[in-house]
Amino acid sequence: MSFKALTLILSIVMFAIVIELIRREKINFKYAFGWMIVSVLAIILTVFDTLLFQTADFFGFELASNFIFFTLLSVFVFLSLLMTVFLCQQNERNDKMAQKIGMLDLEVEQLKQKLEKEKK
Amino acid sequence: MNQSSKKILIIIPAYNEEGNIVKTIDELVSLQLPLTILVVNDGSKDQTALEAKKTGVQVLSLPFNLGIGGAVQTGFKYAYQHHFDVAVQVDGDCQHDVHFLKKLMDPVLQGEVDMTIGSRFIPPFTGYQSSFIRRIGINFFAGLISWLTDSKVTDPTSGFRVFNRKLIKVFADYYPSDFPEPEAIVIARRYHAKIREVPVEMRERIFGNSSIRYLKTLYYMIKVTFAILLDKIKTTKVHQDVI
């Protein structure tokens, strides 16, 4: 099996998995969209691999593989930074909710006590 | 508004303090001041909430542990929502001698300053002054904060503090999380708060461990230094909806 066929199969499988994950509602479209673009791009670049070589050449990479590694690595660095932002946001929301739950809990308890007193 | 009609909330953040919490509350109650006491039980794994409830004070239990910053901030949110004029932070571990509370509150109640900090390093009191290693850290932050904020601070890690309504609002909206005390001073100064230190005596903890252990001191120093320096480049926000 040629290298090209293997890459093509992998890209198609990835695309299929993304679609399936959306269908099963395991990921939101909001987050799946990026992955869809990535997998479509992988399929296009596998089929029209001269495009890949030309782009690598344009940016001055001697080997197309180096270009791929470089691009992937850069993407992942930014992605993890984005993920950290996302994580912090979730964390903050979580904390805020915990505080609110605590406050509401106390308020419910106080209201219950007040009600019981009024009953008596 | 005159002094006596001001509503005062005592915020006691407590994490696994079943051995100390009742004593802290009893000491506060015995002062016979017009105070509302709120224990913020920070997801304790022991009987802190139950012990505190027995004394009849308000106990706000967080569903899981948020850390000292999150717990104290909950107190500020409560104070803001229930229209308290003054908030007092007292640790739940009996370390703070609450007999100094009135002296600590007076400058804020009289509107002279926005915030007071109980300092164990100002004469005439020479009670418990923390371990040697921690004193190095405290001195370092005292220097750093004094320099950055242009106000003399000797005990930046002291958690025995009084805040007025202005700062209650600021801290209800944002309060630093991990080791919040030194950073909170810088934030208060960013909002042009007037801060005064009042000499107090502190005691050694009776039960349990303080949340800052020796090995953590270095990490603590580096982290807080960064946090303080980064605070300097933040801008002052206009707060609207804080709860």
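Based on this model, can you work out whether A:T55 counts as touching a residue at least 24 places away in the same chain (Cβ under 8 Å) and surrounded by 11 or more Cβ atoms within 10 Å (Cβ to Cβ)? Outline the logic, then answer.
On the way: touching a residue at least 24 places away in the same chain (Cβ under 8 Å): no; surrounded by 11 or more Cβ atoms within 10 Å (Cβ to Cβ): yes.
For A:T55, the condition - touching a residue at least 24 places away in the same chain (Cβ under 8 Å) and surrounded by 11 or more Cβ atoms within 10 Å (Cβ to Cβ) - is not met.
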query = Under the condition of being assigned to a strand (DSSP E or B) and within 23 Å of B:T157 (Cα to Cα), which residue from the stretch B:15-71 is farthest from the other protein chains (Cβ to nearest Cβ)?
reply = B:I37
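Specify the residue that is surrounded by the most Cβ atoms within 10 Å (Cβ to Cβ); the eligible residues are those in the stretch B:148-166 that are part of a loop (DSSP other than H, G, I, E, B) and of a type outside the set (V, I, T).
Residues of the stretch B:148-166 part of a loop (DSSP other than H, G, I, E, B): B:150-160.
In the following step, the residues that additionally are of a type outside the set (V, I, T) were identified as B:150-152, B:155-156, B:158-160.
Details: B:D150: 8, B:S151: 16, B:K152: 12, B:D155: 25, B:P156: 27, B:S158: 25, B:G159: 21, B:F160: 25.
Applying the filter and picking the extreme gives B:P156.
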inquiry  = Between a residue in the stretch B:45-60 that is touching a residue at least 12 places away in the same chain (Cβ under 8 Å) and crowded, with 16+ Cβ neighbours inside 10 Å and any residue that is among the hydroxyl-bearing types (S, T, Y) and not in a helix (DSSP H, G or I), which pairs come within a Cβ distance under 6 Å, given they are 6 or more apart or on different chains?
reply    = B:A49/B:S61
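If you go through the stretch B:43-56 one residue at a time, do you hit one that is under 17 Å from the mean Cα position of the chain (by Cα) and under 29 Å from A:L104 (Cβ atoms)?
no
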remark   = Flagged in the stretch B:72-95 as more than 9 Å from chain A (Cβ to nearest Cβ) and hydroxyl-bearing (S, T, Y), in numbering order, are B:Y80
Within the stretch A:15-120, helices (runs of 4 or more DSSP H) holding 1 or more residues that are among the aliphatic types (A, V, I, L, M), more than 14 Å from every other protein chain (Cβ to nearest Cβ) and under 30 Å from B:L38 (Cβ atoms) = A:64-119
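Would you confirm whether or not the stretch B:166-179 contains a residue that is within 14 Å of another protein chain (Cβ to nearest Cβ), of a type outside the set (D, E) and under 17 Å from B:I222 (Cα atoms)? Spell out the reasoning first.
Of the residues in the stretch B:166-179, the ones within 14 Å of another protein chain (Cβ to nearest Cβ) are B:171-178.
In the following step, the residues that additionally are of a type outside the set (D, E) were identified as B:171-172, B:174-177.
If we keep only those that are under 17 Å from B:I222 (Cα atoms) too, we end up with B:176-177.
Scanning the stretch B:166-179 turns up at least one residue that is within 14 Å of another protein chain (Cβ to nearest Cβ), of a type outside the set (D, E) and under 17 Å from B:I222 (Cα atoms).
FYI, it's all coordinate maths here, none of it is from the lab. Bear in mind that the values here come from a model prediction, so they are computed numbers and not experimental data. When we count neighbours, we look across all protein chains shown, and the Cβ atoms used for this are built from the backbone with ideal geometry, even at glycine.
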